[in-house]
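Participant: Below is a structure I'd like to ask you about.
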Amino acid sequence: MSVFGDPATQMAFSVHENKGVFALLLGSGLSRAAEIPTGWEITTDLVRRMATAQGVEPQDDWGKWYFEKEGKVPNYSELLAQLATTPAERRAILHSYIEPDEEDREEGRKVPTSGHKAIAKLVRDGHIRVIVTTNFDRLMENALRDVGVEPTVITSPDVLQGAEPLTHSACYILKVHGDYKDARILNTDDELDAYPDAYNTLLDRIFDEHGLIVCGWSGEWDHALRAAISRVRNRRYPLFWAVRGDLKGRGKELCESRKGLTVPISDADTFFVKLVEQVETLAQSKRQNPVGVEMLVNRAKRYLAKPEHRIQLSDLISDEVLRIVERLEKSDMGSGGTFSAEEFQRRVEVYEGATEGLAKICGLVGRWGDAAQIQFVVDAIGSLVDHAGLVNNGSTVFLNMRTYPAVLSYQACALGMTNVQNWSQLHAFMGVELDTGYDGTMRMIDAVSPSLWKGEKKELWQNLPDFERRHTPLSDHFADDLFETWGKAFRSSTGGIVIDCLMIETLTAIRYLETNDIAALRSAHESETDRNYIWSPVRRAGWDRNFRQKIKPKFENADFLRALTDGGFGRGDTDFVVLAIESHERLIGKLHWSW
């Protein structure tokens, strides 16, 4: 097959070019990798349990045994109806198959898989907004919350009546068969034969207004769902059906009636991970001269490897600064003009496209460089800040954005240092003083760290596509999007970019508090008033549970604290660091969007 006729590539291109247009239809196949059994596996296990209770000897194939005894294939709905006469009883039976116990969690069973996490990324980035699922479990919701997306979840007509409207929801999940913790789950043939009118109206709208990607659903059962897809007449957007092997029976008939394309897959996890990779690749294809950026990175690596190449490294960085300045001097980047969400998005793309090469070099220097080489980065950031300060008339937003290349370079270098835990260099780097012109002399963290940069305003960065509901849009853009991609050029594969970004944010708060002495921290700590903390910048740590689960415990480790204070943090005093973290967490506790 020609690469241009590959349905997977065609699907990825459609998803990338039509943000928010496609809905997902997810079946039990998605949850299979989490070791949540499929409907057939539950069916045969119900046969086993019923037969065992009646004294039947163990069988190699319980489905075959049932067929031989009853003369028909075991039916999940019939068995469940025989075992339990009420919805509450049926829910209790399902609970044991779906809810993870402590052992499951320890061994990674019945928790979100790479497929769920990939879908969550597509939702977070605005590519997918609507999910229809026949699954009872909550793996999809958990994966979404892990990336900061709070979905609107519809599990019954009653919930639908009072739910946030579809058009206003960042992510809308319709669980057509209900939720396993709700006694109103649908299981039997009678329950699945027809949906309530409210569901039919909603499904008609979803399938009419969206393209559809089907995965993990055979189309063989779920009569009402199949009927909802069949009755939609419009073909505004395509249908893609991911399938292992050949699509058969009623599913094949349904796909053909909608003129859908089948996408061969090995499993649901691999399918969605690959889809994310393809969409990200398409986004990267819009970069300015990606080959040139790669060459810059390779040159920087060679120069860093040998001390005698310091002059070449310095020249390489200086040349990139000049190239950035030249691009930003063009008329389309002037500080005048009218602000709009579209213009803001365009400028962000220009700034990031122009700065990508320098930022990746700064990341490499942060990870591998010595003090002299890091000074090249400091000089580059200083030059970018100096250039930004040459213009002081125009839109405040556009004026503040002129230092965005310096912020990108700072964050990349800090990430490189954090990746190898070079705390002494990071502490010194944060405290370097910059001449910012109109604003006077400021420490690096106050001028260009993402936490304190004057261009960081929440309402501004909420103008990024599908970021209007983000609590910390700039932090999220850096951790979830930009440096997740750029960081591959200078970070090791160990550890997550989100964790490193949260660590930098936390260390920024400590560094900020170092303008106080320990007595001031103790006084705030012992205060009996509501203001029992000293303010420090809080961004993503205010809502991301990774802060409490993975960052804060590090500060309870004596060896880690010693390494930080040996590097200069907390004025070299572990008690200062402990008090600073406590002050920081108390402030987080005051935020309405914290845990």
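Participant: Considering only residues of segment 332-356 that are in contact with a Lys or Arg (Cβ under 8 Å, 6 or more places away or on another chain) and under 29 Å from V420 (Cβ atoms), which is surrounded by the fewest Cβ atoms within 10 Å (Cβ to Cβ)?
Facilitator: Result: G353.
Participant: Do we have any residue at all in segment 378-388 that's closer than 20 Å to L322 by Cα, in a helix (DSSP H, G or I) and of a type in the set (D, E)?
Facilitator: Going residue by residue through segment 378-388, those that are closer than 20 Å to L322 by Cα are 378-388.
Next, only the ones that are in a helix (DSSP H, G or I) stay: 378-388.
If we keep only those that are of a type in the set (D, E) as well, we get 379, 386.
Scanning segment 378-388 turns up at least one residue that is closer than 20 Å to L322 by Cα, in a helix (DSSP H, G or I) and of a type in the set (D, E).
Participant: Within segment 32-40, is even one residue basic (K, R) and either modelled with pLDDT of 90 or more or farther than 30 Å from N142 by Cβ (or both)? Spell out how you get there, then give the answer.
Facilitator: Quick first cut of segment 32-40, residues basic (K, R) only: 32.
Checking which are either modelled with pLDDT of 90 or more or farther than 30 Å from N142 by Cβ (or both) leaves us with none.
No; the residues of segment 32-40 include none that is basic (K, R) and either modelled with pLDDT of 90 or more or farther than 30 Å from N142 by Cβ (or both).
Participant: Moving on. Name, by its number, the condition in (1) in contact with a strand residue (DSSP E or B) (Cβ under 7 Å, 6 or more places away or on another chain); (2) in contact (Cβ under 8 Å) with a residue 40 or more places away in the chain that does not hold for A283.
Facilitator: Here A283 clears every test but (1).
Participant: Report, by residue number, each residue of segment 84-108 that is assigned to a helix (DSSP H, G or I) and surrounded by 14 or more Cβ atoms within 10 Å (Cβ to Cβ).
Facilitator: Narrowing segment 84-108 to residues assigned to a helix (DSSP H, G or I): 87-98, 102-106.
Once the filter is applied, which keeps residues that are assigned to a helix (DSSP H, G or I) and surrounded by 14 or more Cβ atoms within 10 Å (Cβ to Cβ), segment 84-108 yields P87, R90, R91, I93, L94, Y97, I98, D104.
Participant: While we're here: Whether any residue in segment 9-29 is under 30 Å from V130 (Cβ atoms), modelled with pLDDT under 80, in a helix (DSSP H, G or I) and not aliphatic (A, V, I, L, M) is what I want to check. Don't jump to the end; show me each part of the working.
Facilitator: Within segment 9-29, the subset under 30 Å from V130 (Cβ atoms) is 9-29.
Adding the requirement that they be modelled with pLDDT under 80 leaves none.
Among the residues of segment 9-29, not one is under 30 Å from V130 (Cβ atoms), modelled with pLDDT under 80, in a helix (DSSP H, G or I) and not aliphatic (A, V, I, L, M), which makes the answer no.
Participant: Would you mind stating whether R145 is without any contact (Cβ under 8 Å) to a residue 60 or more places away in the chain, among the basic types (K, R) and assigned by TED's automatic domain parsing to the domain that holds V273? Spell out the reasoning first.
Facilitator: Numbers: without any contact (Cβ under 8 Å) to a residue 60 or more places away in the chain: yes; among the basic types (K, R): yes; assigned by TED's automatic domain parsing to the domain that holds V273: yes.
Yes.
Participant: If you check E209 against the conditions, is it of a type in the set (D, E, K, R) and at pLDDT below 90? Don't jump to the end; show me each part of the working.
Facilitator: Numbers: of a type in the set (D, E, K, R): yes; at pLDDT below 90: no.
No; evaluated as a whole, the condition is false for this residue.
Participant: Name the single residue that is farthest from I311 (Cα to Cα) among those in segment 338-377 being assigned to a helix (DSSP H, G or I) and acidic (D, E).
Facilitator: Step one: of segment 338-377, the residues assigned to a helix (DSSP H, G or I) are 341-368, 371-377.
Among the residues that remain, those that are also acidic (D, E) are: 342-343, 349, 352, 356.
Details: E342: 41, E343: 39, E349: 31, E352: 26, E356: 22 Å.
Restricting to residues being assigned to a helix (DSSP H, G or I) and acidic (D, E), the top hit is E342.
Participant: A further question on this structure: Can you pull out the residues in segment 394-407 that are touching a helix residue (DSSP H, G or I) at 6+ places or on another chain (Cβ under 8 Å) and without any contact (Cβ under 8 Å) to a residue 60 or more places away in the chain?
Facilitator: M401, T403, Y404, A406, V407
Participant: Scan segment 141-184 for residues that are hydroxyl-bearing (S, T, Y), surrounded by fewer than 21 Cβ atoms within 10 Å (Cβ to Cβ) and within 22 Å of the chain's Cα centre (by Cα) and jot them down.
Facilitator: Start the filter on segment 141-184 by keeping residues that are hydroxyl-bearing (S, T, Y), which leaves 152, 155-156, 167, 169, 172, 180.
Narrowing further to those that are surrounded by fewer than 21 Cβ atoms within 10 Å (Cβ to Cβ): 152, 156, 167, 169.
Scanning segment 141-184 gives T152, T167, S169.
Participant: Kindly state which helices (runs of 4 or more DSSP H) lie completely within segment 256-331 and contain at least 2 residues that are at pLDDT below 85, surrounded by fewer than 16 Cβ atoms within 10 Å (Cβ to Cβ) and polar (S, T, N, Q).
Facilitator: Those helices (runs of 4 or more DSSP H) span 268-284.
Participant: Report yes if some residue within segment 224-232 is under 27 Å from E35 (Cβ atoms) and touching a Phe, Trp or Tyr at 6+ places or on another chain (Cβ under 7 Å); otherwise report no.
Facilitator: no
Participant: Here is a further query. Quick check on K117: is it on the phi < 0 side of the Ramachandran plot, surrounded by 15 or more Cβ atoms within 10 Å (Cβ to Cβ), assigned by TED's automatic domain parsing to the domain that holds L166 and touching a residue at least 60 places away in the same chain (Cβ under 8 Å)? Reasoning before the result, please.
Facilitator: Working: on the phi < 0 side of the Ramachandran plot: yes; surrounded by 15 or more Cβ atoms within 10 Å (Cβ to Cβ): yes; assigned by TED's automatic domain parsing to the domain that holds L166: yes; touching a residue at least 60 places away in the same chain (Cβ under 8 Å): no.
No, not satisfied.
Participant: In the list T188, T152, which residue meets the criterion of being closer than 24 Å to K252 by Cα and either in contact with a His (Cβ under 8 Å, 6 or more places away or on another chain) or at pLDDT below 95 (or both)?
Facilitator: Details: T152 fails: closer than 24 Å to K252 by Cα.
Sole residue among the options that is closer than 24 Å to K252 by Cα and either in contact with a His (Cβ under 8 Å, 6 or more places away or on another chain) or at pLDDT below 95 (or both): T188.
Participant: I would also like to ask the following. If only one of D379, D332, D370 is of a type in the set (D, E, K, R) and under 23 Å from D435 (Cβ atoms), which one is it?
Facilitator: D379
Participant: Any idea which of T441, T436, T418 is surrounded by 21 or more Cβ atoms within 10 Å (Cβ to Cβ) and either at pLDDT 95 or above or within 25 Å of W535 (Cα to Cα) (or both)? Spell out how you get there, then give the answer.
Facilitator: Values: T441 fails: surrounded by 21 or more Cβ atoms within 10 Å (Cβ to Cβ); T436 fails: surrounded by 21 or more Cβ atoms within 10 Å (Cβ to Cβ).
One residue alone meets the criteria, T418.
Participant: Ok, one more. Just a yes or no: is a residue in segment 494-504 buried (at least 16 other Cβ atoms within 10 Å of the Cβ), touching a Gly at 6+ places or on another chain (Cβ under 9 Å) and under 19 Å from V448 (Cα atoms)?
Facilitator: Looking for residues that are buried (at least 16 other Cβ atoms within 10 Å of the Cβ), touching a Gly at 6+ places or on another chain (Cβ under 9 Å) and under 19 Å from V448 (Cα atoms), one finds at least one in segment 494-504, hence yes.
Participant: A further question on this structure: Being exposed (fewer than 14 other Cβ atoms within 10 Å of the Cβ) and modelled with pLDDT of 95 or more is the filter here; which residues of segment 460-476 pass it?
Facilitator: If the condition is that a residue be exposed (fewer than 14 other Cβ atoms within 10 Å of the Cβ) and modelled with pLDDT of 95 or more, then no residue fits.
Participant: Scan (1) closer than 18 Å to V297 by Cα; (2) outside any helix (DSSP H, G or I) for the single condition Q421 breaks and write down its number.
Facilitator: (1)
The values are calculated or read from the model by the stated rules, or taken from the named source; none is laboratory data. A quick note: this is a predicted structure, and the numbers were derived from the prediction, not measured. Reconstructed Cβ throughout: ideal geometry from the backbone, glycine too, with neighbour counts over all protein chains shown.
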